[in-house]
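What follows is calculated from the coordinates using simple rules that are stated; it is not laboratory data. No experiment lies behind these values; they were computed from the predicted model shown. We place every Cβ from the backbone using ideal geometry, glycine too, and count neighbours over all the protein chains shown.
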Amino acid sequence: MSQELYFKETVETASQDEIIARQNELLKEKVRYVMANNAYMRDLYKRAGVVAEDFRGIEDVEKLPIIAKANFRETYPLGMCCVPKSSIREMHMSSGTSGTPVVMPYTIADLEQWADCMARCYRMAGAKPGDPVQIMPSFGLFNGGFGMYHGARAAELFVIPTGSGNTERQIRLARDFNTRVFTAVISYTTRIIEVMEKMGVELPNLEIGIFGAETVTTAMCEKIRSRLGIDVFNIYGMTETGGVGTLGMDCCDHSGIHVWEDQYYLEVVDPITKKVLPDGQEGELVVTSLTREALPVIRFKTGDLTRILSREKCACGRTHVKIDLISGRTDDMLIVKGVNFFPSQVEQALLEIPGVHSEYQIIMEEHNGVTDVRILVEAEEGVTGYMVEKRLKERLGFSPKGDVLPVGSLPRVDGKAVRVIKKKI
Ligand code: ADP
Ligand code: ZN
C-alpha cells in the first residue's frame, strides 16, 4: 500500500495492543479532566458514585453514566465546556434533525485534532497534495463545510470552497478547475447528476467522492459510483464528536467504516438496556472523545445504529476498528401496524426497482390513531405504484401506498434530505 494513502502511517497502522493501551490511559485522563474542569459533569459523576482516583480505565467504563443529546440541551449553550470562553476559537451547531441543536466549542488543539482526522480521511480516499477539492456542504454553523476545509488544509489540497447550492456553477467550476475530489452531503449528489444531465456535460477529471451526513444505502452508493465513474466514500462524524470525519470513513476496500480509535473509544450498546453488546451485534453506538479539549464527550449515546464488523488488520493496512454503515438513527425508526423499519430500508427496496430514481418521501398520515403510509417516489415511465407497493410488501412486510411521480417533482434541498413527513388528518 502506497504511503501516500496514509496521513499518519504509524498511528493508522499501530497494533491493536498499542491502540488499546493508549485508549486506556486517555480514558482515565479524560474522566479526571472533566471532573476537574466542569461542574455539571462532576455532579453527574458524583451522583453516579464515580471517584476519579479510583477509575481504572476501560475495565470500569460501564460504571460511567451514558450521556445523550438531552445533557447538551440541559446545559445549553456552554454548560458542558471544560475550558474558559477565552480559549474557544470556533463553534459549530448540529443541524437539529432531531430537536434543539447541540453546540460544540473548539480550542486550537481541537481544530488541529479535527483537521488531523479529516486529513486522514482525505488520504484514505486517495487525495494527494495539490488535488483540487470542491467543498459543497455549507460553510456556517453546520460543521460540514468547515470540517472539510480544515482537513483539506492539513492534507495540502487545493481548496475550492463553493459551499452548498448553485449546482450549475458547481459543475462549471468542477470543469474549469479539473476538480478531482467532491465532498458533499450524500443526497446532494442526486442533484448534481440531474443538473449535469440537463447541461449535457460530464466531469472526466472527477475521481473521488467523499459523502456523508446521512444514512446511505449500498444501493445508493453503487448508483453514484457507476453514474459518475468515481470511487465513493462514506464519511462519518457528528457535532458532538467534533464534526465531520472525526469518527472516520471507509477505505478503498469498502469493507466498513474505519473509526480513528486513537481518538475515540467505541461501544455498541443495546438501545434499551444500555448493556454493551458483543462484536457483530447491531445496537446503538456510544462514543468517547479521548483527545478533545473544550468539550470531550464521555460515553455519548449517538442514536446511530451499527455494529462492529472487524478488529483485524484491513486490506488497506489500517488496524483501526471497522463498523458497519449506519443503518438508521434510533429517533428515525418508524412503526406502522406493528412493523418497525428505517427510511434506509425503504430506500434500499425502492432502488432495487429498475427505473426508480433516488428521490423519495415517506408520508406518514395519522387519522384517529391509525397511521397510513404513502411512498412518493420519482421514477421513469413504466414504473407503477403497484410495483412499489409489491416490492415494499416483500421487503418490509407491510403495504404502503405507492405514488410514482415524474423525475423532478419532489423538492430538492441543499442540506440533509427530508425523507419522512408526518401529518395528522
Ligand atoms: P443532527 O443531524 O443530529 O442534527 P449533525 O449535523 O451533527 O446532527 O449530524 C450528525 C448525524 O448525522 C450523525 O449522528 C448521524 O446520524 C448522521 N450521519 C453523519 N454521517 C453519516 C454517515 N456517513 N452515515 C450515516 N449517518 C451519518
Ligand atoms: Zn481499510
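Quick rundown of the values:
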item	result
Ranking of Met80, Met118 by count of other Cβ atoms within 10 Å, fewest first	Met80, Met118
In sequence order, calculated HN-Hα J values of region 371-383 (Karplus, 6.51, -1.76, 1.60; Hz; x Gly/Pro)	9, 9, 10, 10, 10, 9, 9, 8, 7, 6, 4, x, 7
Sparse-neighbour loop sites [trypsin sites (Lys or Arg not before Pro); region 330-397; at most 12 other C-beta within 10 Å; DSSP]	Lys337
Order of Glu112, Glu366 under a 10 Å beta carbon neighbour criterion, fewest first	Glu366, Glu112
Point-charge dipole on Cβ atoms (K/R +1, D/E -1) for region 74-208, about Cα centre, debye to 20	140 debye
Average Cα contact separation per residue, region 334-425, under 8 Å, 6 or more apart, as relative contact order %	32 percent
Selection from Val339, Ala125, Leu290 lying farthest towards where the dipole of the chain points positive, charges on Cβ	Val339
Cα-based Rg and Dmax for region 309-414, where Dmax is the largest Cα-Cα distance (Å)	17.0, 56
Positive dipole terminus of region 269-425, leading residue within Pro406, Val388, Gln348 (C-beta point charges)	Gln348
Helix-only CD estimate at 222 nm, as mean residue ellipticity for the chain, using -39500 (n - 2.57) per DSSP H run (n ≥ 4)	-9000 deg cm²/dmol
Rg/Rg_globular for the chain, with Rg_globular taken as 2.2 N^0.38 Å and Rg from C-alpha atoms	0.99
Chymotrypsin sites (Phe, Trp or Tyr not before Pro) within region 162-243, DSSP loop, no more than 10 other Cβ atoms inside 10 Å	none
Which of Tyr265, Tyr386 has the fewest Cβ neighbours within 10 Å, and the rest in rising order	Tyr386, Tyr265
The chain: most fluctuating residue of Thr302, Thr183, Thr273 per GNM, C-alpha cutoff 10 Å	Thr273
Per principal axis, descending, Cα span of region 161-270 in whole Å	48, 26, 23
P(r) weight above 18 Å for region 18-97, C-alpha pairs, percent	50 percent
Listed residue (Pro77, Met136, Ala174) projecting farthest to the positive dipole end of the chain, Cβ model	Pro77
Cα gyration tensor of region 117-184 - equivalent ellipsoid semi-axes, whole Å, descending	18, 15, 8
Computed magnitude of the charge dipole of region 357-425 (debye, nearest 20; Cβ of K, R +1, Cβ of D, E -1)	300 debye
GluC sites (Glu not before Pro) restricted to region 250-349 and DSSP loop, no more than 13 other C-beta within 10 Å	Glu312
